[in-house]
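The values are calculated or read from the model by the stated rules, or taken from the named source; none is laboratory data. Quick caveat: nothing in here was measured; it's all calculated off a predicted structure. Quick reminder, even Gly has a Cβ in these numbers, built from the backbone with ideal geometry, and neighbours come from all protein chains shown.
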């Protein structure tokens with residue numbers, strides 16, 4: 001009896017998690033603009049998306065930022081995790097503290113603090129020379145995304161470092177390997193699954209971010225979530241349904257890749 | 001375990017992370033604290049000077065109301081996530097071992113899906129011509145559509161929906177680690193189900209409960225786009241208020257003061273938790 005109650009309850013929660021998304025995908029194929037009644041199957045909304053040049057440009061911006069930010073954050077975060085685990089250095093406590101603060105602080109707090117930084121830089125640059133242009137856009141968005149992704153890479157990689165055998169590194173050093181050689185040939189291969197997981201996590205965090213991007217992007221540079229945000233605020237449209245459906249399928253693909261990589265690692 | 005301090009690899013590894021966080025985390029936050037004490041400028045965002053004006057504004061009943069409402073909605077969201085999430089995490093954490101990865105994966109997929117997309121999905125469900133209203137009318141349970149969207153209830157529903165995986169995943173992690181023998185021991189000693197749950201299971205899964213609550217409560221205060229989309233103009237959270245100061249009202253000092261207050265309140269809560277946890281640990285030892 002208890003078992004059936006459990007299964008029923010779990011099914012109910014899964015239904016709660018998936019029902020809205022399923023509805024959204026189903027109605028992206030509905031041949032009607034306003035009504036929620038079923039008016040027949042259509043690819044119309046997907047075709048309309050494919051013709052929307054602005055949307056495609058914005059989506060490409062998002063992918064560019066996502067790939068660059070995830071890659072930079074992965075390099076920075078992996079080096080950072082190795083540094084935090086293996087070395088004692090001045091400011092180590094500060095770095096640990098800041099990683100914690102960045103993970104815990106709400107996105108909005110990070111967004112406005114980065115905006116304050118970038119605007120100040122902009123003002124200072126204008127004072128130095130009028131030709132110096134440091135207005136908000138690609139660079140400020142990229143730097144911000146790297147900043148909010150890096151702590152997650154550090155945490156992911158650190159949890160793996162804690163799990164592996166320290167003797168391997170000692171052995172490499174005893175055999176005369178330099179620190180960099182040890183990192184490249186021993187530490188990095190061992191960390192690889194966490195590094196890849198960190199990259200994927202960063203990429204999705206970057207693709208998903210609305211709040212920080214809205215603060216630091218300026219008027220001329222837009223990413224996909226911001227565009228969706230302004231579309232959604234105007235109301236429900238089948239086009240947004242289609243776009244959301246594509247993004248959901250993309251998420252499924254990324255999760256599948258991540259799972260496959262993790263499985264490979266276990267074997 | 002290191003030998004030479006001047007090793008180039010070591011310098012790059014420690015230097016890059018230190019300076020990045022110094023420039024993009026420490027300095028910006030210090031600047032926000034500074035701005036919160038500066039007067040609002042006429043032409044520029046701020047003027048040089050020192051004032052408590054922005055913090056004075058916080059005492060305005062209008063803004064106190066926003067703080068209160070925001071904390072209340074975030075608390076309600078957290079409690080609902082815990083009540084829904086705990087039994088759920090317990091069931092999947094105790095499911096047959098070979099099924100667990102799949103069950104967790106099914107929680108991770110929404111967790112990785114854009115929260116904006118999921119908020120939008122909620123909008124489709126709750127609208128006047130939304131799925132719920134259409135279904136209820138079709139079933140003859142109501143004649144006029146219920147006003148579900150653009151209410152505080154819609155905001156809570158949206159927050160619970162987007163944040164539930166953040167509660168379930170840490171809970172699952174701590175429940176899965178639970179030693180079954182401890183539960184069996186309690187039962188063998190004659191403890192009733194409820195007593196076992198209260199005295200054994202809850203204390204053992206406390207780290208998961210706390211982590212989950214933090215991961216739900218903190219974003220719950222700041223996710224202004226959820227209240228913006230689902231709450232309409234009626235529901236203003238701290239997040240909406242802060243965002244408005246920076247992106248439309250152009251009152252940076254007040255926005256900064258709000259942000260500093262929010263951060264301090266959260267820090268205070270974390271500290272209270274750490275103190276409480278330490279007390280509890282001492283109690284166990286004694």
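Out of curiosity, is residue B:238 facing chain A (nearest Cβ under 9 Å), touching a helix residue (DSSP H, G or I) at 6+ places or on another chain (Cβ under 8 Å) and surrounded by 14 or more Cβ atoms within 10 Å (Cβ to Cβ)?
In short, yes.
Quick one: which of A:76, A:114, A:55 is under 23 Å from the mean Cα position of the chain (by Cα) and within 27 Å of residue B:123 (Cα to Cα)?
Being under 23 Å from the mean Cα position of the chain (by Cα) and within 27 Å of residue B:123 (Cα to Cα) holds for just one of A:76, A:114, A:55, which is A:55.
If the requirement is being more than 17 Å from the chain's Cα centre (by Cα) and surrounded by fewer than 21 Cβ atoms within 10 Å (Cβ to Cβ), which of these qualifies: B:211, B:277?
So the residue among B:211, B:277 that is more than 17 Å from the chain's Cα centre (by Cα) and surrounded by fewer than 21 Cβ atoms within 10 Å (Cβ to Cβ) is B:277.
Kindly provide the set of residues from the range A:47-65 that are surrounded by fewer than 17 Cβ atoms within 10 Å (Cβ to Cβ) and in a helix (DSSP H, G or I), ordered by number.
Listed by number, the residues that qualify are A:47, A:48, A:50, A:51, A:53, A:54, A:56, A:57, A:60, A:63, A:64.
On the basis of being more than 19 Å from residue B:28 (Cα to Cα), at pLDDT below 95 and either within 10 Å of chain B (Cβ to nearest Cβ) or not in a helix (DSSP H, G or I) (or both), does residue A:132 make the cut?
Answer is yes for this residue.
Inspect all residues belonging to the range B:79-91 and state whether any of them is away from every other protein chain (no Cβ under 12 Å) and under 27 Å from residue B:236 (Cβ atoms).
Yes, that holds for at least one residue.
For the range A:5-46, how many residues meet the condition of being closer than 26 Å to residue B:161 by Cβ and part of a helix (DSSP H, G or I)?
25
When you check residue B:180 against the structure, is it within 14 Å of another protein chain (Cβ to nearest Cβ) and either out of contact with any strand residue (DSSP E or B) (no Cβ under 9 Å at 6 or more places or on another chain) or farther than 23 Å from residue B:262 by Cα (or both), yes or no?
no
Please go through the range B:229-264 and give me each residue that is under 15 Å from residue B:69 (Cα atoms) and in a helix (DSSP H, G or I), ordered by number.
Hits for the range B:229-264 are B:238, B:239, B:240, B:241, B:242, B:258, B:262.
Test residue B:205 against the stated conditions and say whether it is at pLDDT below 85, over 17 Å from the mean Cα position of the chain (by Cα) and surrounded by 14 or more Cβ atoms within 10 Å (Cβ to Cβ).
So residue B:205 fails the test.
Residue B:201: at negative phi and away from chain A (no Cβ under 14 Å), yes or no?
Criteria met by residue B:201.
Answer with yes or no whether residue B:17 is in a helix (DSSP H, G or I), within 9 Å of chain A (Cβ to nearest Cβ), touching a residue at least 60 places away in the same chain (Cβ under 8 Å) and surrounded by 15 or more Cβ atoms within 10 Å (Cβ to Cβ).
no
So which residues in the range A:73-94 are facing chain B (nearest Cβ under 7 Å) and assigned to a loop (DSSP other than H, G, I, E, B)?
Within the range A:73-94, A:87, A:89, A:91 meet the criteria.
State which residue is nearest to the other protein chains (Cβ to nearest Cβ) when the search covers only the range B:95-128 and only residues that are within 19 Å of residue B:167 (Cβ to Cβ), touching a residue at least 60 places away in the same chain (Cβ under 8 Å) and more than 18 Å from the chain's Cα centre (by Cα).
If we take residues in the range B:95-128 being within 19 Å of residue B:167 (Cβ to Cβ), touching a residue at least 60 places away in the same chain (Cβ under 8 Å) and more than 18 Å from the chain's Cα centre (by Cα), then B:122 is nearest to the other protein chains (Cβ to nearest Cβ).
Looking at B:9, B:22, which is the one that is at the interface with another protein chain (Cβ under 7 Å from one of its Cβ atoms) and either at pLDDT below 95 or under 21 Å from residue A:119 (Cα atoms) (or both)?
After ruling out the rest, the residue left standing is B:9.
Out of curiosity, is residue A:86 under 22 Å from residue A:69 (Cβ atoms) and surrounded by 17 or more Cβ atoms within 10 Å (Cβ to Cβ)?
no
Of B:12, B:33, which residue is outside any loop (DSSP other than H, G, I, E, B) and under 11 Å from residue B:256 (Cβ atoms)?
B:33
Give the number of residues within the range A:107-146 that are surrounded by fewer than 24 Cβ atoms within 10 Å (Cβ to Cβ) and within 22 Å of residue A:203 (Cα to Cα).
Going through the range A:107-146 one residue at a time, the tally reaches 7.
Is it the case that the range A:171-188 has a residue that's in contact (Cβ under 8 Å) with a residue 12 or more places away in the chain, outside any helix (DSSP H, G or I), more than 30 Å from residue B:128 (Cβ to Cβ) and more than 11 Å from every other protein chain (Cβ to nearest Cβ)?
no
Name the single residue, out of those in the range A:198-220 being over 13 Å from residue A:148 (Cα atoms) and part of a helix (DSSP H, G or I), that is farthest from the other protein chains (Cβ to nearest Cβ).
Step by step, filter the range A:198-220, then rank; the result is A:200.
Under 6 Å between Cβ atoms, which residue pairs at least 6 apart in sequence (or on different chains) link something in the range A:95-119 that is at the interface with chain B (Cβ under 7 Å from one of its Cβ atoms) with a partner that is surrounded by fewer than 21 Cβ atoms within 10 Å (Cβ to Cβ)?
Note: pairs meeting the criteria are A:95/B:18; A:109/B:263; A:116/B:31.
Those residues that are facing chain B (nearest Cβ under 7 Å) and surrounded by 19 or more Cβ atoms within 10 Å (Cβ to Cβ), I need them from the range A:230-246; list them, please.
Passing the criteria: A:232, A:236, A:240, A:244.
For the range B:75-94, how many residues meet the condition of being over 30 Å from residue A:245 (Cβ atoms) and either free of Cβ contacts under 8 Å to residues at least 12 places away in the same chain or assigned to a helix (DSSP H, G or I) (or both)?
Residues flagged as over 30 Å from residue A:245 (Cβ atoms) and either free of Cβ contacts under 8 Å to residues at least 12 places away in the same chain or assigned to a helix (DSSP H, G or I) (or both) within the range B:75-94 amount to 10.
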